[in-house]
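Note sheet for the following structure.
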Amino acid sequence: MTRGITSPRNGRAVRVAHAIFLCYVVIRAWLYVTLQLCIQLNKEVCMIMKKRFFSVAVPLTALLSVLSTGVLIAQDKYALKAPNGISFSEIRGYETWQVIAPSYRTEKKELRVILGNPIMIRAYKEGIPGNGKAFPEGSTIVKIGWSERTSAAFPAAIEPDVLQRVEFIVKDTKRFPDTHGWGYARFVYDAKTDTFSPYGKDASFAQECYQCHTLVKAKNFIFTGYPQR
Ligand code: HEC
């Protein structure tokens, strides 16, 4: 299924909210018309209808307002925080960040794309980390992972299927002195509920990330290089 460039989650939640709102408008309009008709026909019946109008329409309005607000609030992935306090909103707009490189994990059969914010991209172009320098403060690198599927149009091609997670690493030495200045965050996507949730029980999850990324300490803890294009 092709989704827009905005968050798929936002798109679906907004559609649900629209549908709820539309139902609400239709029910309100129907009740109003019925009430007007009965006012003209019979005053006594009308009084009963009027009571019904308030007993049905008012609670219904309240219920639908709560529901649609709930849907709209629940959809905001940028309100999520990793257990170490890093907010998803720290990469707001990452959907259009520049590509550093794709990658493929054979054991997970997963396609990934690695993106960088402008500070990160500039650093690569200056020769970091190959020149021995560290990435500057504010450098942020994102990895998006998808399960794979065979292209229906061209079976020799593999294409992204279902979004798995969005994760990122941000350089802020003051905030993350114990991990060489890098802060780690991962948000796992659940296609069934169309929602993201933060990875890790508590702040110590970042140690797991850091430990493995220490394999590339010589590259300032970042695996991905910036290939020629
Ligand atoms: C067992 C090893 C391992 C662990 C644990 C791990 N990573 Fe990575 N990570 C990698 C490898 C290998 C890559 C290179 C690209 C790939 O695998 O797709 C990578 C790449 C990345 C990238 C892209 C930047 C780069 O270094 O290339 C981000 C962002 C990232 N990981 C975030 C995380 C976060 C957040 C965690 C913890 C929640 C984490 N990683 C845990 C191995 C690991």
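Any read-out appearing in this document is the output of simple, stated calculations on the displayed coordinates, not a laboratory observation. From a predicted model like this one, the values you see are computed outputs, not experimental measurements. Because the Cβ atoms are built from the backbone with ideal geometry, glycine has one as well, and the counts that use them run over all protein chains shown.
Before moving on, here are some points about what is shown:
- Among the cysteines of the chain, those whose beta-carbon sits 4.7 Å or more from every other cysteine beta-carbon are Cys23, Cys209, Cys212.
- Greater than 26 Å apart at Cα, pairs in Lys109/Lys192; Lys109/Lys133; Lys109/Lys171; Lys143/Lys217; Lys143/Lys201: Lys109/Lys133; Lys109/Lys171
- Sum of -39500 (n - 2.57) over DSSP H runs of 4+, divided by residues of the chain (222 nm, nearest 500): -12500 deg cm²/dmol
- Each of Val33 and Ala157 was given a label point 7 Å from its Cα along the Cα-to-Cβ line. The distance between the two points is 4.9 nm.
- Those residues of region 99-132 whose amide nitrogen sits under 19 Å from the label point placed on Gln228, 7 Å along Cα→Cβ: 100-102, 124-131
- Remark: relative contact order (the chain) = 16 percent; criterion is Cα-Cα distance under 8 angstrom and separation of 6 or more residues.
- Relative counts (whole %) of C-alpha pair distances in the chain, using bins that are 5 Å wide: 1, 6, 11, 13, 14, 12, 9, 7, 5, 5, 4, 4, 3, 3, 2, 1, 0, 0
- By the count of other C-beta atoms within 10 Å, a proxy for reagent exposure, Phe21, Phe135 are ordered fewest to most as Phe21, Phe135.
- Of the DSSP H helices in the chain, those with a Cα length along their own long axis of 24 Å or more and a mean Kyte-Doolittle hydropathy reaching 0.0 comprise 8-41, 43-74.
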